[in-house]
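Data block below; observations after.
Here, each number is a calculation from the coordinates, and none is a lab measurement. No experiment lies behind these values; they were computed from the predicted model shown. No Cβ is skipped: glycine too gets one built from the backbone with ideal geometry, and neighbour counts run over all protein chains shown.
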Amino acid sequence: MAIETKASALRAQLKSAGGDLSGRHVRSSWSLPIFAVAVTTALLLTNTVSPQSSASASAIEAPGPTVTVPAQELTVAGEYDHAASRDAFSTSEVYVAPPTPVAPVAPAAGVPDPGTAQAVAWEMLQGMGWGQDQFDCLVALWNRESGWNVYAHNAGSGAYGIPQALPGEKMASAGADWATNPATQISWGLSYIAGRYATPCGAWEHSETVGWY
């Protein structure tokens, strides 16, 4: 009976103070925010700090030691060849220049008949210091040009005489009878050859190459 009287007194006191006598638990208006902050803080500490470590959340751990992994080896069954080669080269190879073209050789003219134009030319060549080889070239050259005909005339070019002077009047420097005298024509022709080709064989080589001298 005394206990019920004491409880009744407490209820009366709470009611007069504005308390809730319904028996339900009433939370204060500030209790929920405080609870949320506490839970958030606990989660952050759990994620940033190891439970087994005493380090603070701001500490940075040093990286661990470098681990060296041994190289792997691959074994291939069977025989194989990995040798490489290149084209052979020898320093003993020497460039050989092509042979120098050989000057054309005129056919042998032989000994000229006395009293002919060739006999006159032979005597003049010897007087100029030329020998049989140059006489062979001269005979072959003027055989091609005029056939040693003192009156040979080229209607196309106007060349005239044994040496085929162009024009024929050029031979007047060797004599006024240039149109009829083989000796005058030969004298002028040898002077022309010496001045332009040095020798009768030089003139013959040029004629062989290009067809004229």
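Using Cα pairs closer than 8 Å and at least 6 residues apart in sequence, work out the relative contact order for segment 117-210, in percent.
Over segment 117-210, the number comes to 26 percent.
Summing +1 for each Lys or Arg and -1 for each Asp or Glu, what net charge is found among the other residues whose Cβ lies under 12 Å from the Cβ of Leu125?
Net of charged neighbours comes to -3.
Quick one: net charge of Gly158's neighbours, Cβ under 15 Å, K/R +1, D/E -1?
-1
In segment 117-210, with Lys and Arg counted as +1 and Asp and Glu as -1 at Cβ, which of these residues, Ala174, Ala117, Gln134, has the Cα nearest the positive end of the dipole, that is, farthest along it?
Ala174
Given a Förster distance of 30 Å, report the FRET efficiency between Ser157 and Thr180 from their Cβ-Cβ distance, rounded to the nearest 0.05. Provide the component values of the computation, followed by the final result.
On the way: r = 20 Å, r/R0 = 0.68.
It comes to 0.90.
Quick check: net charge around Trp178, other residues with Cβ under 14 Å of its Cβ, Lys/Arg +1 and Asp/Glu -1? Display every interim value, and only then the final one.
Numbers: positive: Lys170; negative: Glu169, Asp177.
Net charge in that neighbourhood comes out at -1.
Between Ala172 and Ala108, what length in nm is gained on full extension when 0.36 nm per residue of separation is reduced by their alpha carbon distance?
19.9 nm
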